[in-house]
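Step one of this worksheet: look at the structure below.
The values are calculated or read from the model by the stated rules, or taken from the named source; none is laboratory data. Note that the coordinates shown come from a computational prediction; the quantities given were computed from them, not determined experimentally. Note that we place each Cβ from the backbone using ideal geometry, even for glycine, and neighbour counts take in every protein chain shown. All accessible areas refer to the heavy atoms of the entire protein, side chains included, with ligands and DNA or RNA removed. Shrake-Rupley method; radii C 1.70, N 1.55, O 1.52, S 1.80 Å.
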Amino acid sequence: MERIPILRLRDCLLVTIQVDMHDQLALTLQDDLTELIVRHQARGVLIDISALEIVDSFIGRMLSNIAAMARILDAVTVVVGMRPAVAITLVELGLEMPGVRTALNVDAGMRLIERALEEERQAGHGRSKG
Amino acid sequence: MVVLKAESLTIATQEDVVRVRQTTRAWAAEIGFSLVNQTKLVTAASELARNTMLYGGGGTVLLESINDSIRAGLRMTFEDEGPGIADIETALTDGYTTGGGLGLGLSGSKRLVDEFNIWSEPGRGTRITILRWR
Ligand SMILES: Nc1ncnc2c1ncn2[C@@H]1O[C@H](COP(=O)(O)OP(=O)(O)O)[C@@H](O)[C@H]1O
Ligand SMILES: [Mg+2]
């Protein structure tokens, strides 16, 4: 079956969406990510959508679902690289993505994940690393 | 109003929905829409094509590159012979869905275009025409 590749970097999962996904492919990605978060005890999920020319309500819902699922599994999700035209269109479409953190690029996204995890450690929440 | 070019696409599968997005993008670029307006058109087309496939049981979309002496535009007509929509006003409400979606396809795509016309009759089908001027 066709799949979007997921990379693992230390305790983070990285996804770069490079194709125009049909709906089933998006659902498969959602399931694969959830499974890998558990299998690798991942703490961060970084999704690079800089190649995506649009985000419609289906993809928006997928991103929200991934963030919600990751949250339950004690991982932080950051979506990076949203194109300005996509962001403008999302607002007009009326799509909000609760729980989805965003950053401009992969570097900023990784820093955001690290900072969020560091804050949790200091607050004494979340799993201990290991 | 002059139709400069027209093409009809079948919408039966998820891959067809992808093809509608890609064709819409190519046409919008060719007509000379800005990047933001191309994105709005493709997003609206994606929402309506998915509805045609999912709720309408498949159908067609007609793309038309149009001109009205002062401006150019893209018109798209999505048509199916599915169950139709009993209460159009409710279906056009943000968040209303019968399919577990976000309920933003109709209301949202309406906001993304200049003209939005919907005809639907229970048991006969649904036809939605959108138009955006460049
Ligand atoms: N072509 C169609 N044929 C029949 N019903 C439709 C069609 N398009 C939309 N609908 C109805 O309108 C509702 C709202 O559609 P939409 O705004 O796209 O939200 P969603 O797709 O998330 O449900 C759908 O849940 C469905 O009941
Ligand atoms: Mg829809």
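Given Cα positions, please report Rg to Rh for chain B, the hydrodynamic radius being the Kirkwood one.
Rg/Rh: 0.95.
Ignoring ligands, DNA and RNA, please state the percent of accessible area on region B:2-133 from carbon and sulfur, probe 1.4 Å.
Answer for region B:2-133: carbon and sulfur cover 50 percent of the accessible area.
When Lys and Arg each count +1 and Asp and Glu each count -1, what net charge do the other residues less than 14 Å away from residue A:20, Cβ to Cβ, add up to?
-1
Find, among the trypsin sites (Lys or Arg not before Pro) in region A:7-49, those assigned to loop by DSSP (not H, G, I, E, B) with at most 14 other beta-carbon atoms within 10 angstrom.
Taking region A:7-49 and a limit of 14 other Cβ atoms within 10 Å, the loop trypsin sites (Lys or Arg not before Pro) found are A:10.
Against the longest alpha carbon principal axis of chain B, how many degrees, from 0 to 90 and to the nearest 10, is the axis of helix B:35-54 turned?
30 degrees
What percent antiparallel are the DSSP beta bridges of the protein assembly as shown, to the nearest 5?
Once the DSSP bridges in the protein assembly as shown are tallied, antiparallel ones form about 75 percent.
Under a 1.4 Å probe, what is the accessible area of region B:2-133 per residue, stated in Å²?
Using a 1.4 Å probe on heavy atoms only, each residue of region B:2-133 averages 44 Å².
Which helices pass in chain A if a helix is a full DSSP H run, must span at least 18 angstrom along its long axis by Cα, and must have mean Kyte-Doolittle hydropathy not below -0.5?
A:23-40, A:57-72
Provide the gained length on full extension for the span residue A:120 to residue A:41, in nm with one decimal, where the gain is 0.36 nm per separating residue minus the Cα-Cα distance.
Going from the current span to full extension adds 26.9 nm.
What list of ³J(HN,Hα) couplings, whole Hz, do you get for region A:2-17 from phi and the Karplus terms 6.51, -1.76, 1.60, once you set θ to phi - 60° and write x for glycine and proline?
Calculated HN-Hα couplings, in order: 5, 9, 8, x, 10, 9, 10, 10, 6, 9, 10, 10, 10, 10, 10, 7 Hz.
Can you tell me the 0 to 90 degree angle between the C-alpha axis of helix B:14-31 and the longest principal axis of chain B, rounded to 10?
Its long axis makes an angle of about 30 degrees.
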